[in-house]
Amino acid sequence: MTWQKRIFDLFFASLLVVILGPIILYLIWKIWRTQGRPIFYAAERMKTPTEAFYLLKFRTMTVVDEDAGVSGADKDVRITPMGAKLRRRRLDEFPQLWNILRGDLSFVGPRPPLREYVDRFPDIYGEVLKSRPGVTGLASLVYHQHEARLLEGCTTPEETDEVYCRSCVPRKAKLDLIYQRQQSVCYDFDLVFQTIGRLYRRRG
């Protein structure tokens, strides 16, 4: 990560913590009132091929003893009513501001993968994770809705995993590597504004 990108992340993450602080506190209270504890969901993700961190989100699912793999339709039954509202507007990702301040994430970059996929596709993620993972990115903007449509048709964890590995991992990696070659602060601004614009359109 360049020093310009790190300054960009620190400045805007600090600014958003101040601006969004009241909303974040309200969401914490609302989640506690409607679905109880835990408020947050911490999931292991990979920052580099060998270095893990815990990605923070507001909890949107019921708690189970074991949870593995990406989310397909087989997990939809666990999404709470409050969780569905948070996911629709990506409000569940507000706690990732803490990950940005810590340096685990950037605002823009490849979405941080699960350890199991990094272990299974070392060549792909060895290249992708040369970029600091991000909250949003080119692959998120271009492929997210298509990925959601593919996975929502999966009814078992095994089917979800097969579709994700076959169709999503290689295609998202190609987009992540395009971003890597073209990365600049100006390009990051563009992708952030595209993400905000898409969220407003979705809300409308």
Of all residues in segment 146-184, count the ones that are open to solvent by 70 Å² or more (accessible area, probe 1.4 Å), within 30 Å of Thr2 (Cβ to Cβ) and of a type outside the set (S, T, N, Q).
3
Looking at (1) surrounded by fewer than 17 Cβ atoms within 10 Å (Cβ to Cβ); (2) within 19 Å of Ala148 (Cβ to Cβ), can you tell me which one Asp65 breaks?
(2)
Can you name the residue in segment 76-97 that is surrounded by 15 or more Cβ atoms within 10 Å (Cβ to Cβ) and out of contact with any helix residue (DSSP H, G or I) (no Cβ under 8 Å at 6 or more places or on another chain) and is also nearest to Phe58 (Cα to Cα) among such residues?
Glu93
Condition met for Ile100 (touching a residue at least 24 places away in the same chain (Cβ under 8 Å), open to solvent by less than 40 Å² (accessible area, probe 1.4 Å), of a type in the set (Val, Ile, Thr) and in a helix (DSSP H, G or I))
yes
Would you please name the residue that is farthest from Leu114 (Cα to Cα), looking only at residues in segment 50-62 that are open to solvent by 60 Å² or more (accessible area, probe 1.4 Å) and assigned to a loop (DSSP other than H, G, I, E, B)?
Thr62
Output the number of the condition that Lys47 fails; it satisfies all remaining conditions of (1) in contact with a Phe, Trp or Tyr (Cβ under 7 Å, 6 or more places away or on another chain); (2) closer than 18 Å to Val17 by Cβ; (3) not aliphatic (A, V, I, L, M).
(2)
State all residues of segment 149-194 that are among the polar types (S, T, N, Q) and under 17 Å from Pro113 (Cβ atoms); if no residue qualifies, say none.
Thr160, Ser167, Gln180
Checking Phe107 against (1) modelled with pLDDT of 95 or more; (2) assigned to a helix (DSSP H, G or I), the condition it does not meet
(2)
Give me the pairs, please: first residue somewhere in segment 117-131 and closer than 15 Å to Lys174 by Cβ, second residue anywhere and modelled with pLDDT under 95, beta-carbon distance under 7 Å, and either six or more positions apart or on two chains.
Ser131/Gln183
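Going through segment 12-49 one residue at a time, which ones are part of a helix (DSSP H, G or I) and closer than 17 Å to Arg132 by Cα?
Quick first cut of segment 12-49, residues part of a helix (DSSP H, G or I) only: 12-35.
Across segment 12-49, the qualifying residues are Phe12, Ala13.
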Where residues in segment 104-133 are out of contact with any Pro (no Cβ under 8 Å at 6 or more places or on another chain) and more than 18 Å from Ala43 (Cβ to Cβ), which of them is least open to solvent (accessible area, probe 1.4 Å)?
Val108
Ala13 fails exactly one of (1) modelled with pLDDT of 95 or more; (2) aliphatic (A, V, I, L, M); (3) closer than 30 Å to Asp123 by Cα, namely (3)
How many residues are in contact with an Asp or Glu (Cβ under 9 Å, 6 or more places away or on another chain) and not in a helix (DSSP H, G or I) when one looks only at segment 110-120?
4
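Test of understanding: among Thr195, Thr155, which residue is assigned to a helix (DSSP H, G or I) and in contact (Cβ under 8 Å) with a residue 24 or more places away in the chain? Before the answer, list the steps.
On the way: Thr155 fails: assigned to a helix (DSSP H, G or I).
Of the residues listed, the single one that is assigned to a helix (DSSP H, G or I) and in contact (Cβ under 8 Å) with a residue 24 or more places away in the chain is Thr195.
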Specify the residue that is nearest to the chain's Cα centre (by Cα); the eligible residues are those in segment 121-144 that are in a helix (DSSP H, G or I) and among the charged types (D, E, K, R).
Glu127
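The values are calculated or read from the model by the stated rules, or taken from the named source; none is laboratory data. Because the structure is predicted, anything quoted here is derived from the model rather than measured. Reconstructed Cβ throughout: ideal geometry from the backbone, glycine too, with neighbour counts over all protein chains shown. When the accessible area is computed, the model is the full protein with side chains, heavy atoms only, and any ligands, DNA or RNA have been set aside. Shrake-Rupley method; radii C 1.70, N 1.55, O 1.52, S 1.80 Å.
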